[in-house]
Structure formats: structure tokens, C-alpha cells
1. Decide, for region 117-166, between rounded, prolate and oblate: order the square roots of the alpha carbon gyration tensor eigenvalues as a ≥ b ≥ c, take rounded if a/c falls under 1.5, and otherwise choose prolate if a/b is larger than b/c, else oblate.
2. Full extension from Asn84 to Arg242: what is 0.36 nm times the residue separation minus their Cα-Cα distance, to one decimal in nm?
3. Which shape class applies to region 189-317: rounded if a/c is under 1.5, otherwise prolate when a/b exceeds b/c and oblate if not, where a ≥ b ≥ c are the square roots of the Cα gyration tensor eigenvalues?
4. Tell me, what is the percent relative contact order of region 208-300, built from C-alpha pairs under 8 Å that lie six or more residues apart?
5. Measure off, as a whole percent, the carbon and sulfur share of the 1.4 Å-probe accessible area of the chain, all protein chains present.
6. Step through the residues of region 366-374 one at a time and calculate ³J(HN,Hα) from phi using the Karplus curve (6.51 cos²θ - 1.76 cosθ + 1.60, θ = phi - 60°), rounding each to whole Hz and writing x for Gly and Pro.
7. Name the lysines eligible as straight-distance cross-link partners of Lys138: C-alpha to C-alpha under 21 Å, and not fewer than 8 places from it in the same chain.
8. Need the C-alpha centroid separation for region 373-394 versus region 40-59, integer Å.
Amino acid sequence: MHEPRDPKQESARSPEAVSTGEEALRQSKALLDGTFGHKGGDTLVKEMASRFSACVRASDVVARLGGDEFVVLVQEAGDVEQVNTVARKILSAAVKPMLTAGQECRVTASLGICMFPQDAQDEQALMKNADTAMYQAKAQGKNNVQFYSEDFDAQSLERMDLESSLRQALPRGELLLQYQAKQNLKTGAISGVEALLRWQHPELGTVLPLRFLALAEETGLIVPIGKWVLKTACEQNDGWQRQGLSRVVVAVNISARQFTDELPGQVAEALHASGMDPHLLERELTEGTVMGNVARVVRLLGALKQIGVRIGIDDFGTGYASLAQIARIPIDTLKVDRSVIRQIDGNTRGDSIAQAIIAMGKALNLTVVAGGVETPEQRAYLSEQSCDEVQGYHFSKPVLKDALADLLRQHAPLPAR
Ligand code: C2E
Ligand code: MG
């Protein structure tokens, strides 16, 4: 990096930006390669570099730090507004679809901005504060821009604390699973359960996944944690059956970082170890995870299907997955996101979005599950639309294994005649 002469510095981090340090940069590139293939990862980085360069003046600097991280130096910027405009341009440039290996894919970016001289006076501090701001941008959901603020330093310390205790969570046995039932709308029986991760923190109490999953992903801890979740959920499902309860499908979430070439092998191993019937396992992937290189997604999901595992798309209606993409990948279930279900309130437009997604899922021969169903009105509407299953607080919140066993007793499928 050049020593900035009149630096108003901005750090732009491209898709799924991770933490500082060489290891994190290596991991971030490995994640890109995992998602887009090695060649696809390189093409993506080059394409982003040229897009970012097109957003700035010739006198500005665009540099790649490594992995998927870029630094943009905007020199002699007039004011904060001007830097903000450049940042917004970079963000828009990043999210435009691109072709890798003949497939359309989209990525998101998180940008942290640090201004000279008000936020930092030397190159090291500029980089550090831009990095902190970038984490804040990420924490607010991807595709965000954040200017540095001194308050972030306290939050950054809190993050380091959380990271060190998360490293201990698995060996100390602080992780546990809750299970949330899915109910068949026609029969009223429980058709499946979703395993949801909880962290019993010694001081903070129960910590929900949204507070620590991004951190687990950035640090790579999601890999051992994910293996533990899968093993525990399979063993539990087998345990319910040994208690004489009905056979249900257990769904286990996968985040993008877990969607690697090793996944089918890990799943086969967990199934083998638990002795659970593969047809009783479903892996739930978010729309975002399946939006990468379609050929690779099809290959990996195909390998899972060959083992006998069901595949579900989670949070459908929140991402940008196209109908063509969904139609090409081998899935069994489409879970409509809570944000779509929440709009069912008698308002015609809100209702019609849910209606259209359900119709699309049915046309593709998929089992359609409505997530986050909270009211009897939503349930009645979904039933009218021939939605197959519901999940949400109206039927049951996530509960511990014994409470789930009780629910299974109350809502067992009718015995086959
Ligand atoms: P998700 O897979 O979409 O799971 C549904 C989330 O919505 C859960 O939050 C659940 O408690 C909540 N929920 C269910 N019904 C309702 C409802 O009627 N109203 C409201 N307001 N909320 C409802 P939770 O347990 O906090 O999990 C959040 C996310 O964390 C999950 O979203 C999933 O993406 C992720 N997650 C959870 N466990 C795991 C895991 O083991 N591995 C991975 N990779 N991700 C996980
Ligand atoms: Mg889920």
C-alpha cells in the first residue's frame, strides 16, 4: 500500500468479508473458492477489482489486501457526502450479477469507512478503524456501508470476548439444541422438526444463533459446531424412535461456510454413526447459499440426495434466487420466509406474494412449508392455498427434546390402515 499523501481512506470489503490477519484472508479466499470453484473465485476477485476501479478517479487507489478484501483510497475527497456517494457506487457495482463458468451469480459487499484526519492519523490506525467499521456494516446485515465511530471500539472488544468464549463453548458443553415442530396442515400431525442451536453462556444466559453465527462463520468455528449439531440431531431423532415415537424428518440448517465439498462425506459419517435412516434427515440451506455456481450446487446437492437426504430451501422470498435457479437444483422442500408470511393480513398485495410463492413451489412439485406462522388467520389462509406444512409460534415455539417428545405423542400421524 502507498503511504497516503492526503488520505481520506475507505476500506471496501467484498463478498462475505471476514476478519483481519493472514489466516482470515486465506479462509475468505478458500470460502470464495468453495462457493465458486478455484477459477470462479479468481474470476470474481478480478471482476470486482475492475468494477471498483471504475467507481473511483484515476488518482484514487484500489488495492486487494488478499482473500476477498479490498482497500479503496479516495484521495482529496471534498466531504463525507462525496465519500458516501463513492461507497454507494461500489456497493451497487458489487451486487450486479456476474457470470462465472457460464453461471449467473451475485455477491454482496460490506464497506467500512474511516476518514483522515478526524478518525485516525496514521496508516495503521486508518486500516484498523476501517476494519472495525466494516464489521459494523456486516453486523447490520450484508450490503451495508458504515462510517467509523469511536463507540465501535467498545463493541469490537465485546466481539473479541465473545470470540474467545465461543472457542470454549463446544469443549465446555455449553451448546444445546432446541427443536421446533412442523405440522402437516391436512392431517394435523407433526411431519418434521427443525434443530435450532442455542448457546448456554455462563454469564450471558441463553444466546441465540443470530448473535454468534456470523462470528462462528468468520472464525471457522462453524465447522466443528456444525458437525456437533448434525451428530446431536441425528442421535436425538434416533432416540425418539427408540422411545416408540413416530418417525419424523429432522431438519438441520447449513450456512454458506458449511457448504463445502466435504459436506456429503460428513453427512454420511453422521448418519452412519447414529444409525438414523437417511430419509429422515433434511438439510436446510438459505437462498443465498444456493445462489453461487449452479453447477457446483447441483453436484453437491446431488451427492447429498444420493445418500438419501432431503434438501430444503430456507427463508425463501428474502434473496434473489431466480425461478430458473430453483428449478435446476434438486430440492424437496421450499420454506417460505417469515417476512412473507407476516404480510398475510387480509391486505391483497401481501397475501398475493405468499400465494404466488406457494403456487410456484407446488408447480415445481415441492413440499411447501410456511415459516413463522403466528396467527390463526395466517394458518387458515395458508390452508386455503394448499400450503403443505406450517412452522411457527402459533403451533409451537422451539422446545427442548423432552417437550418435543410430548408434542410428538399429542400430534402423531394417524396409523396407516
Ligand atoms: P431459520 O433456519 O430461519 O430458523 C427459524 C428461526 O425463526 C428460529 O430462530 C426460530 O426460533 C424463529 N421462529 C420460528 N417460528 C417463529 C415465529 O412464529 N415467530 C418468530 N418471530 N420467530 C420464529 P433462531 O432459533 O434464533 O435461529 C435463527 C437462525 O439461526 C435460523 O433461522 C438459522 O438460519 C440459524 N441457525 C439456527 N441453528 C443453526 C445451526 O445449527 N446451524 C446453522 N448453520 N444455522 C443455524
Ligand atoms: Mg431453518
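The values are calculated or read from the model by the stated rules, or taken from the named source; none is laboratory data. Model, not experiment: these values are computed from the prediction. With ideal geometry, Cβ positions are generated from the backbone for all residues, glycine too; neighbour counts draw on all protein chains shown. Heads up: the accessible areas ignore ligands, DNA and RNA and are worked out on the full protein's heavy atoms, side chains in. Shrake-Rupley method; radii C 1.70, N 1.55, O 1.52, S 1.80 Å.
1. Note, shape of region 117-166 comes out oblate.
2. The span from Asn84 to Arg242 would gain 50.9 nm if fully extended.
3. Numbers: a/c = 1.59, a/b = 1.03, b/c = 1.55.
Oblate is the answer for region 189-317, as a/c is 1.5 or above yet b/c matches or exceeds a/b.
4. Result for region 208-300 is 32 percent.
5. The value for the chain is 51 percent carbon and sulfur by accessible area.
6. The phi angles translate into 9, 6, 9, 10, 9, x, x, 7, 10 Hz.
7. Lys29, Lys89, Lys96, Lys128
8. 46 Å
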